[in-house]
Amino acid sequence: RLGLSGIARNCALTGSPNYDKDLISKGQRWLLNASNTEVCKNAHHSWRRFCFQSSRTQQEKASFFPISSAGQHPHPFSAWNIHIFRCFHISPSFQAAPVSLFWIIIKPAQKLLAIILGRSIRNWWKALPPNKRELLKERARKNKWKILLGVSSLGVLFVVFYFTHLEETPMTGRPRLLVFGKEHFRELSQMEYDMWMEEFQSKMLPETDARYQVVETVLGHLSESNKDIPRISAFQWVIHVVDEPDINAFVLPNGQVFVFTGLLDAVSDVHQLSFILGHEIAHAVLEHAAEKASLVHFLDFLSLIFLTLIWAICPRDSLAVVGQWIQSKLKEFVFARPYSRILEAEADKVGLELAAKACVDVRASSVFWQQMELARSIQGEPKLPEWLSTHPSHENRAEHLDRLIPEALKIRESCNCPSLSGPDPRLIFKHNIQYLLELSKDQETSNSTKQELSKPKPDFPQK
């Protein structure tokens, strides 16, 4: 998911100096409405050529982006691997639960069993007479090497399990732990899809809506431009545009794409939207959901041992509860959240490459996150440390993308894409920020001067 907090307004400062008026005012600009299709028309020239040989004729390629003033597409995208219809899944009357769902269900029972076992060990130890305690301690000292060997053997089993379940991440080659089978996890994602559809069914935009058609066009072009990647061509993408102000988008592992209208209001052009959808496609193609669930499952299984020890060693239940809370927070902030940020950075990298192959202006990717940081500061939202979040900060994402953009431009050039025309959108954004700061300083100076003039003058005694 995109991981944006709050409802940031559209702060697109790429294209015209007059954007400062839109920034200062609280009115929200609907960029992708039916009458305003200038961005899509301008993108036609930069998206005419693809990074592969297509079976379609040159005339069909040239007609990729025509959108009428009413926001209607003259031709359906039947050649693309994308469904533009709603798809409601009806579960059979009886179906075995996925293995991943089984482990999720029994997870609370595992924790409860570990707590009961640890507490039972503590109570048993307290009930022993002092002489028996000393006898057991003496036996433990005599057999310390056997105990150490047993603990080491258990640790070796975990290490063997970890390395025997390692796989290479597609497209990046990064080693990762994958416990759950892909098919089982896709069954679980189908259940998640049904849940989202039930929640947002009344807020889905129709396919005739201009915003839906823009998402359809961008996603279809990304899919077609990267069809040489088997994992992308194997998906059947289904689009759902949800009329919600949240700035968010996500793709389920089964190819269900959810885009919120708040995101469409936040992007300044189709280049930014293409990068964001490329980022979400990357999550699905790289199977990050299954990877994250596998890591959480592995850590939870390890934590059961420490949970048992905590409840066995702590003399009181209150201390054990505190120890359990500390253990869960350490697991979350030391392992889970940093790992989530790694996956987000990887999705940014792969998403940028997918957008580059689609002849997108990849320089706009970092501008989007600079806009989000500007919107956050304008709205006065608190800036939390990155280590508290599952996503990198807006500033760090922009810097990371800036480092990746030169390589993405090389990919774009190797795909025989048209040369990028016009100034760098990053420079335009920087120039407009400087202009806004100067304007703000002038307004502050003017207001202070008016306040000085409006002050009553002191009465001096006349001679």
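Below are the figures for this structure:
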| item | result |
| --- | --- |
| Nonlocal amide H pairs with Leu420, under 5 Å, H built at 1.01 Å | none |
| Estimated vicinal HN-Hα couplings, Hz - the stretch 186-197 in sequence order (Karplus 6.51, -1.76, 1.60; Gly, Pro = x) | 5, 5, 5, 5, 5, 5, 5, 4, 4, 5, 5, 5 |
| The stretch 363-399-the stretch 160-232 distance, computed between alpha-carbon centres (Å) | 25 Å |
| Exceeding the 19 Å Cα-Cα cut-off - candidates Lys126/Lys329; Lys292/Lys331; Lys329/Lys349; Lys357/Lys430; Lys349/Lys410 | Lys126/Lys329; Lys329/Lys349; Lys357/Lys430 |
| 3J(HN,Hα) from dihedral phi, the stretch 296-302, Karplus parametrisation 6.51/-1.76/1.60, rounded to Hz, x for glycine, proline | 4, 5, 5, 5, 4, 5, 5 |
| Estimated FRET transfer efficiency (Leu299, Arg231; beta-carbon r; R0 35 Å; 0.05) | 0.85 |
| Cα centre as origin, Lys/Arg/Asp/Glu Cβ charges: the stretch 158-209 dipole, Debye | 400 debye |
| Residues with amide H under 5 Å from that of Val179, placed H, sequence gap 5 or more | Ser294 |
| Phi-based couplings in Hz for the stretch 341-349 (Karplus 6.51, -1.76, 1.60; Gly and Pro marked x) | 5, 5, 5, 5, 5, 5, 5, 4, 5 |
| Which of Phe258, Gly278, Gln236, positive extreme of dipole for the stretch 228-281 (C-beta unit charges) | Gln236 |
| Under 5 Å, built H, 5+ apart or other chain: amide partners of Val241 | Leu205, Val259 |
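Since every read-out is calculated from the coordinates, none of them should be taken as a lab result. Owing to the predicted nature of the structure, the values given are computational and were not obtained by experimental measurement. Using ideal geometry, Cβ is built from the backbone for each residue, glycine included, and neighbour counts are taken over all protein chains shown.
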